[in-house]
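This report refers to the structure that appears directly beneath it.
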Amino acid sequence: MSYKIIRLMSGEFLMADVEADTGDTLTLRDPVILMISKESVGFAAFNPFGVDDTIVLNAQHVLYTTQPQEDLVAEYTRIFSRIQIASSDIIH
């Protein structure tokens with residue numbers, strides 16, 4: 001998995017698992033918009049009305065990409081993990 005922060009030309013910051021980068025397009029799985037406030041950063045759905053969890057973004061709309069901070073990756077993977085972790089009270 002390749003988690004990236006993507007700054008769009010329109011000013012939004014996205015975070016996603018970048019599945020492919022062809023140079024012309026980025027294929028993003030589970031993209032979210034980073035909602036930045038003075039105290040915290042939150043996630044909002046980038047494609048709330050779409051059926052698919054993967055989108056293809058034209059690279060012309062991307063200003064830059066960068067590696068996210070580890071705490072953002074931890075929260076992102078907690079939200080989008082396809083693995084269900086059993087609570088400790090049922091494991092003996």
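The values are calculated or read from the model by the stated rules, or taken from the named source; none is laboratory data. What you are looking at is a predicted structure, and each value in this text was computed from that prediction instead of being measured. Every residue, glycine among them, receives a Cβ derived from its backbone with ideal geometry; neighbour counts consider all protein chains shown. Just so you know, the surface numbers come from the protein's heavy atoms only, side chains and all, with ligands and any DNA or RNA stripped out. Shrake-Rupley method; radii C 1.70, N 1.55, O 1.52, S 1.80 Å.
Between the helical axis of 70-80 and the longest alpha-carbon principal axis of the chain there is an angle of about 70 degrees.
A 1.4 Å probe, protein heavy atoms only, puts the accessible area of residue 4 near 50 Å². Highest GNM mean-square fluctuation among 62, 51, 41, for the chain modelled with Cα contacts below 10 Å: 51. Only helices enter the 222 nm calculation for the chain: every DSSP H run of n ≥ 4 contributes -39,500 (n - 2.57), and dividing by all residues gives -3500 deg cm²/dmol, rounded to 500. Ligands, DNA and RNA aside, residue 10 has an accessible area near 90 Å² when probed at 1.4 Å.
Heavy-atom accessible area, probed at 1.4 angstrom with all protein chains present, ranks 1, 9 as 1, 9, highest first.
Rolling a 1.4 Å probe over the protein heavy atoms of the chain, with every protein chain left in place, gives an accessible area that is 55 percent carbon and sulfur. Using a ≥ b ≥ c from the Cα gyration tensor of the range 1-40 (square roots of the eigenvalues), is it rounded, prolate or oblate, where a/c under 1.5 gives rounded and otherwise the larger of a/b and b/c decides, a/b for prolate? Oblate, since a/c reaches 1.5 and b/c is not below a/b. Surface exposure of the chain, expressed per residue as accessible area with a 1.4 Å probe, stands at 72 Å².
Would you mind counting up the charge near residue 52? Only other residues with Cβ under 14 Å from its Cβ, with Lys and Arg at +1 and Asp and Glu at -1. Intermediate values should be presented prior to the final figure.
On the way: positive: 29; negative: 17, 19, 30, 53.
Counting the neighbours of residue 52, the net charge comes to -3.
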